[in-house]
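The values are calculated or read from the model by the stated rules, or taken from the named source; none is laboratory data. Just so it is clear, the structure is predicted and the values come from calculations on it, not from any experiment. Because the Cβ atoms are built from the backbone with ideal geometry, glycine has one as well, and the counts that use them run over all protein chains shown. The area values use the complete protein model at the heavy-atom level, side chains included, leaving out ligands, DNA and RNA. Shrake-Rupley method; radii C 1.70, N 1.55, O 1.52, S 1.80 Å.
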Amino acid sequence: MTMIAKAGTAEAGSAGIKVADKLFQNRYLVDAGRPHIKVRPHDKPSKALLSLTHTCPAGCYSLNDTGQVEISVDGCVECGTCRVVTAKTGEIEWNYPRGGFGVLFKFG
Amino acid sequence: MIEQRFDAIVVGAGPSGNAAAYTMATAGLKVLQLERGEYPGSKNVQGAILYASALEKIIPDFRDDAPLERHVIEQRLWTMDDASHVGVHYRSSDFNEERPNRYTILRAQFDKWFSRRVRDAGAILLCETTVTELLRDPAGRVIGVRTDRDGGTAFADIVVLGEGVNGLVGQRSGLRPELKPDNVALAVKEMHFLPRETIESRFNLKQDEGVVIEAMGTITAGMTGTAFLYTNQESISIGIGCLVSDFAENQQTPYGLLEAFKNHPSIKPLLENAECKEYVAHLIPEGGYNAIPELYGDGWIVVGDAGQFVNAVHREGSNLAMTTGRIAGETIVALKQRHQAMSKANLAEYRRRLDETFVMKDLKKYRKIPAFLHRNKQIFGLYPKLFAGAAQTWLRVDGIDKRTKEKEILKSFRKGRTLPGLIGDAFNFARSWR
């Protein structure tokens, strides 16, 4: 369990906005080793799962070299968008972080 | 966890959960409130505008110590194209009244304050405690909750679900379906700090006066959505949101949209030299009346965002949350006083009471609007462009006579949308609105 202020690897396509620069301002209490969201193993992501690489507001989702969608939950702002988008395909497992962990909004 | 038995367990310490807990605790009920965040507000996000009337009915003297930012004296509604905005502004000194009607707030601070009042009223609050499931008796009645605090359980006559838009507890217990991507919007927001004098001079404000801007147009890149800018004491809340289904189908990133909005020539000067201190995102239930799930059953009741209580047209949500929370609380207190069971049949009183309030009346009035806005993307792309073009044609003085300009404007509308299209849009909009 450590306080961190890093996260997000994705970049906005055309605008080149680094979401990591935005998340840098936020406070998180990371539950190390216990990610609250998991992408289920898959060969080829559905269109819905693939869309998370640009839909996630914290840029948590990225495409790896072999074509699978991966998640790094450290910058997650717990909005739930990814769960809603993939509800039909069931490709991710979404839970709240354990009580007290995750993002801590100062202003909200 | 806590071995005691409670009259009511409230899941969540946002506006709806706090309103319910306060109402019940004030009436003498034994209330346990569970919040997954480190402190109330730490997981909560809103624009944020506080509508005084909903809170006054719960805590009449809230103005004495609630953390309020600025009372709103001016509202600007803008439609924007890439270079301009066309606006309707309403500003009135009447809003400088003894008991102002609307305030900007910062939710993390406001929720902490509200929660303090809830605890002062006698409710027990446990933070850092995530509710994992509802407990039922063999007959299927909800009798309590299990939490992630060492798997601890707590029991009560009724569980009030004020768990927010991501209401996993109710959803996974089969009380309501998963959110649909076209019934929910994703909004992102930043907090930009500036000296208060700078905000006051930039927005033409004195002391605690505030301005809010609501905007739509090409800023959402053809998607169904809106943007906003609210003035706080020493900061500006700026955000943008679109339907999740639209985000999923387009290549836009939420933060890319926000950045473009911040860099719009009508917005950029307002944020100049500001320091961003937080970036947040949240879902907003926007399905309206038709998306309202089952609101009560044997031993449970739903309040706030978990029940889809948001009036997307008027950007109202926290007032609906507080009102549904209060009325749920009042219904429970009334049943308790009459020694009646917290059964589905008896809790129907909640719905009957809600139907008499602005909450259900407004949501019902606008029940066709979500589908209308979802189907008619021209509202967000084409029309703002046509309005901007018309304004420029009309206002630019260039030796062309006014009748020719009028014809040019009409032609642009006919060309952009066709005459039957224009009439159809007006008709469909009017039909959805009434």
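Number of residues in the range B:131-145 that are of a type in the set (A, V, I, L, M), assigned to a strand (DSSP E or B) and open to solvent by 30 Å² or more (accessible area, probe 1.4 Å): the value is 1. Of all the criteria given as (1) in contact with a strand residue (DSSP E or B) (Cβ under 8 Å, 6 or more places away or on another chain); (2) within 28 Å of B:Leu320 (Cα to Cα); (3) hydrophobic (A, V, I, L, M, F, W, C); (4) in a helix (DSSP H, G or I), the one not satisfied by B:Ala388 is (2). Taking each residue of the range B:278-297 that is farther than 25 Å from B:Ser432 by Cα and facing another protein chain (nearest Cβ under 10 Å) and looking for partners that are of a type in the set (Val, Ile, Thr) and assigned to a loop (DSSP other than H, G, I, E, B) with beta-carbon atoms closer than 9 Å, six or more apart or interchain, yields B:Tyr279/A:Val77; B:Val280/A:Val77; B:Val280/B:Val45; B:Ala281/A:Val77; B:Ala281/B:Val45; B:His282/A:Val77; B:His282/B:Val45; B:His282/B:Val165.
Residues that are open to solvent by 40 Å² or more (accessible area, probe 1.4 Å) and either assigned by TED's automatic domain parsing to the domain that holds B:Asn311 or in contact with a Leu (Cβ under 9 Å, 6 or more places away or on another chain) (or both) within the range B:375-415 comprise B:Ser412, B:Arg414, listed in sequence order. Consider B:Phe372 carefully, then state whether it is of a type in the set (Phe, Trp, Tyr), out of contact with any helix residue (DSSP H, G or I) (no Cβ under 9 Å at 6 or more places or on another chain) and either part of a helix (DSSP H, G or I) or surrounded by 11 or more Cβ atoms within 10 Å (Cβ to Cβ) (or both). Considered against the rule, which asks whether it is of a type in the set (Phe, Trp, Tyr), out of contact with any helix residue (DSSP H, G or I) (no Cβ under 9 Å at 6 or more places or on another chain) and either part of a helix (DSSP H, G or I) or surrounded by 11 or more Cβ atoms within 10 Å (Cβ to Cβ) (or both), B:Phe372 comes out as no. Once the range A:29-51 is narrowed to residues that are small (Gly, Ala, Ser) and more than 13 Å from every other protein chain (Cβ to nearest Cβ), the residue that is surrounded by the most Cβ atoms within 10 Å (Cβ to Cβ) is A:Ala32. Hey, can you tell me all the residues within the range A:73-108 that are in a loop (DSSP other than H, G, I, E, B), at the interface with another protein chain (Cβ under 7 Å from one of its Cβ atoms) and β-branched (Val, Ile, Thr)? Answer for the range A:73-108, where residues must be in a loop (DSSP other than H, G, I, E, B), at the interface with another protein chain (Cβ under 7 Å from one of its Cβ atoms) and β-branched (Val, Ile, Thr): just A:Val77.
Of the candidates B:Leu179, B:Leu271, B:Leu175, B:Leu205, the single residue that is of a type outside the set (Val, Ile, Thr), in contact (Cβ under 8 Å) with a residue 40 or more places away in the chain and at the interface with chain A (Cβ under 8 Å from one of its Cβ atoms) is B:Leu179.
Conditions tested, residue by residue: (1) open to solvent by less than 60 Å² (accessible area, probe 1.4 Å); (2) closer than 16 Å to B:Asn204 by Cβ; (3) touching a Lys or Arg at 6+ places or on another chain (Cβ under 9 Å).
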position	(1), (2), (3)
B:Ala52	yes, no, yes
B:Lys57	no, no, yes
B:Pro60	no, no, no
B:Ala66	yes, no, yes
B:Arg70	yes, yes, no
B:Arg76	yes, yes, yes
B:Ser92	yes, yes, no
